[in-house]
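The values are calculated or read from the model by the stated rules, or taken from the named source; none is laboratory data. Computed from a prediction, not measured in an experiment: that's the story for all the values here. All Cβ positions, even for glycine, are placed from backbone atoms using ideal geometry, and neighbour counts span all protein chains on display. Just the protein is used for accessible areas: all its heavy atoms, side chains included, with ligands, DNA and RNA removed. Shrake-Rupley method; radii C 1.70, N 1.55, O 1.52, S 1.80 Å.
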Amino acid sequence: MKEKDELKKEIRALLKERSAIMLAHNYQRDEIQEIADITGDSLALSQEAADSIAKVIVFCGVRFMAESAAILSPDKTVILPRMDAGCPMADMITPEDLIKEKAKRPGVPVVAYVNTTADVKALSDICCTSANAVRVVNSVKSDRVYMIPDKNLSHYVSLTAKKKMEWWHGYCPTHERLTAAEVSKVKAANPGAVFVCHPECHPDVVRLADHVCSTSGMYKFANETLAKTVIVGTEMGILYRLRKENPEKKFIIASKVLICPNMKLTTLEDVLESLKEMKNVVAVPEAIRLKAKAALDKMLAVPRD
Ligand code: 13P
Ligand code: SF4
């Protein structure tokens, strides 16, 4: 087996040779984040996929993220190093499910979290991520909104959005595993610590948070907080950069269950092999792509904070 350093060098050289860019989600393994050109949350990565001049995008994340890149940049080759890296939440709503829900609410706009398949995005009016969900929902020209697929994110948005909201009952199995009892225990053991969590967490957990935000929002929060200890309620891959960027602060993961098996599939060997052979290319049928792109483009046009 090759040493990690050797693999990293080979990947970086091959990326250059292929005019490729390596994007990594904040939940990826440390060694993947270390050599990526860009690490970020779903919003930052889709913006990068739309704007980058690279010919090839190696997407270290899960399938819906690579699909979004392929939808936004059809002229680029998008590689997903592990084709089996899916998102169980995205698979919790099918196009058939959504067609039925839309029929129950004629004319009500559908806001789709990016954690959905391309087919489902194609049936939606506008996409959102955890970083812009409230802004996107408020931007819709209707007083009613149907949000899919995450019941927890939808509930969180409904607390502040100025819309009458209904939603689908999907969830992220990783975030859903975190309980309020566990968080309370960690808080009690660390007086003075602040608790930050992702809106994919259960409402009982969100209620205990000092701050709720996307994964990239957590880097900003960690940097700005005056607290010395931060309890983190999201997938543990986030710890890599939090600790690197804030060596003077202590970060405690709220629970050992906060690990997404799909996000951890991609290894350096997978990246090297897929790039060498230019395999695992993600493509979306053109009719679906155009409709899904309209929903993603609408999201990207919503003014940022
Ligand atoms: P963000 O990085 O956009 O906050 O999303 C979290 C997530 O669960 C992605 O799968
Ligand atoms: Fe999907 Fe949850 Fe994993 Fe994100 S953390 S990819 S929402 S299962």
- Quick check: anything in the range 241-258 closer than 12 Å to Arg29 by Cα, within 14 Å of ligand 2 (Cβ to nearest atom) and modelled with pLDDT of 95 or more? no
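Do we have Val111 as within 16 Å of ligand 1 (Cβ to nearest atom) and in a helix (DSSP H, G or I) here?
Numbers: within 16 Å of ligand 1 (Cβ to nearest atom): yes; in a helix (DSSP H, G or I): no.
No, not satisfied.
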- Scan of the range 276-305 for residues that are part of a helix (DSSP H, G or I) and either within 16 Å of ligand 1 (Cβ to nearest atom) or in contact with a strand residue (DSSP E or B) (Cβ under 6 Å, 6 or more places away or on another chain) (or both), ordered by number: Ala295, Leu296, Lys298, Met299, Leu300
- Residues in the range 176-196: is at least one in contact with a strand residue (DSSP E or B) (Cβ under 8 Å, 6 or more places away or on another chain), within 30 Å of Arg144 (Cβ to Cβ) and touching a residue at least 24 places away in the same chain (Cβ under 8 Å)? no
- Out of Leu268, Leu300, Leu290, Leu272, report the one residue that is at pLDDT below 95, hydrophobic (A, V, I, L, M, F, W, C) and more than 16 Å from ligand 2 (Cβ to nearest atom). Leu300
- Going through the range 197-244 one residue at a time, which ones are within 12 Å of ligand 1 (Cβ to nearest atom) and β-branched (Val, Ile, Thr)? Val212, Thr215, Thr234, Ile238
- Query: Of all residues in the range 141-156, which are farther than 17 Å from Ala295 by Cβ and open to solvent by less than 40 Å² (accessible area, probe 1.4 Å)?
  - Reply: Asn152
- The listed residue being open to solvent by 70 Å² or more (accessible area, probe 1.4 Å), at pLDDT below 95 and farther than 30 Å from Lys164 by Cβ, out of Asp84, Asp75: Asp75
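Listed here are the residues, each with its yes/no results for (1) within 16 Å of ligand 2 (Cβ to nearest atom); (2) assigned to a helix (DSSP H, G or I).
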{"position": "Tyr156", "(1), (2)": "yes, yes"}
{"position": "Thr160", "(1), (2)": "no, no"}
{"position": "Glu166", "(1), (2)": "no, no"}
{"position": "His175", "(1), (2)": "yes, yes"}
{"position": "Ala181", "(1), (2)": "no, yes"}
{"position": "Gly192", "(1), (2)": "no, no"}
{"position": "Asp204", "(1), (2)": "no, yes"}
